[in-house]
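**Student:** Below are the structure tokens for one structure; questions will follow.
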Amino acid sequence: MDEPRGPKPITFRGMSLDIDVQELTPDQWPALEKLFGKNGACSGCWCMFWRMEEGERFHDVKGASAKQRLKVLVEQGRAQGLLAYVEGEPVGWLTFGPRRSFPRLDRAPSLQCDDADDVWSLPCFFIHKDFRGQGVATVMLKSVMDTLRQRGVSTLEGYPMKPPAGTTRLSNASAYTGTVPFFEKQGFKLVAERPQGKQRVRKSLAPRRSMRKRS
Ligand SMILES: CC(C)(COP(=O)(O)OP(=O)(O)OC[C@H]1O[C@@H](n2cnc3c(N)ncnc32)[C@H](O)[C@@H]1OP(=O)(O)O)[C@@H](O)C(=O)NCCC(=O)NCCS
């Protein structure tokens, strides 16, 4: 069953708070800018790393240039994602889009597939540091599956990190694409397992069959 729409409760420092997940619209740029803060989420990225074209170097783009590029994409409705709010404050971001709209990801030799035109990707999460470990990313992953299923997307792909052998934790920064168990709990399956680093997982978002019995 799809999750019921509307705010979802999370427990934060012993309190129950409602988290409201909304699809990004151009007027939410100030909220995204606030969430990303002076570091542009991490290392001046401003969610541009996977969007870089062939020949570009992250070192040359990160910072002010990345911020300006993302702002234009948001204003033009060309960057897609979900923003999570608690009491009106932005606390979480995930981006999604057709796999081809993330050229650097689509080019990565380790993440190749043979049906890229039919796939949508979930290449990045960012949860405000004060709200990590409370299930915000989990709420957002469930929410994006509903959003994209309703839009008719059939195949959704993630690129979670595999923790080094003998550990289950990663640094929060290096878990920005999620982790394998995080996706598996929502029904994603590993489609390309690598000894370490980013893995490829997929979930089919075929429309749900009606539960009503035929008379
Ligand atoms: C990684 C991140 C997205 C997780 O978000 P979160 O809201 O804390 O995740 P959740 O609370 O929903 O946890 C989901 C699951 O992932 C696990 N998890 C979360 N962070 C983890 C980590 N660093 N290592 C391993 N597992 C982790 C949780 O234990 C949980 O597992 P469980 O369901 O078995 O309990 C968050 O820490 C983050 O935003 N990190 C910074 C990423 C970043 O820099 N992005 C920008 C890149 S430019």
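**Student:** Could you work out the pair-distance distribution P(r) of the stretch 11-112 from its alpha-carbon pairs, with 5 angstrom bin width and percents rounded to whole numbers?
**Tutor:** That works out to 2, 12, 21, 22, 18, 12, 7, 4, 1, 0, in percent per bin.
**Student:** DSSP beta bridges in the stretch 8-204, what fraction antiparallel, as a percent rounded to 5?
**Tutor:** Antiparallel: roughly 85 percent of the beta bridges in the stretch 8-204.
**Student:** I'd like to know which of S65, G178, C45 lies farthest towards the positive end of the charge dipole of the chain, counting +1 on Cβ of Lys and Arg and -1 on Cβ of Asp and Glu.
**Tutor:** G178
**Student:** For each pair in K8/K67; K71/K203; K8/K198; K129/K198; K62/K185; K34/K185, compute the distance between the two Cα atoms and list the pairs where it is over 27 Å.
**Tutor:** K8/K67; K71/K203; K8/K198; K62/K185; K34/K185
**Student:** Compute the semi-axes of the equivalent ellipsoid of the chain, taking the square root of 5 times each eigenvalue of the Cα gyration tensor, and list them largest first in whole Å.
**Tutor:** Whole-Å semi-axes of the equivalent ellipsoid: 25, 23, 19.
**Student:** Report the charge-dipole magnitude of the chain in Debye, nearest 20, computed about the Cα centre from +1 at each Lys and Arg Cβ and -1 at each Asp and Glu Cβ.
**Tutor:** The calculation lands at about 580 debye.
**Student:** Here's another thing I want to ask about it. Once every DSSP H run of n ≥ 4 in the chain is given -39500 (n - 2.57) and the sum is divided by its residues, what mean residue ellipticity at 222 nm do you get, rounded to the nearest 500 deg cm²/dmol?
**Tutor:** For the chain, the value works out to -6000 deg cm²/dmol.
**Student:** Round to a whole angstrom and tell me the spacing of the C-alpha centers of the stretch 23-67 and the stretch 141-203.
**Tutor:** 21
**Student:** Right, next: Are there trypsin sites (Lys or Arg not before Pro) in the stretch 145-176 that DSSP puts in a loop and that have at most 15 other Cβ atoms within 10 Å, and which ones?
**Tutor:** R151, R169
**Student:** Which GluC sites (Glu not before Pro) in the stretch 44-130 pass both tests, a DSSP loop state and at most 14 other beta-carbon atoms within 10 Å?
**Tutor:** The qualifying sites are E53, E54, E56, E87.
Throughout, read-outs are computed from the coordinates displayed, never taken from laboratory work. Just so it is clear, the structure is predicted and the values come from calculations on it, not from any experiment. All Cβ positions, even for glycine, are placed from backbone atoms using ideal geometry, and neighbour counts span all protein chains on display.
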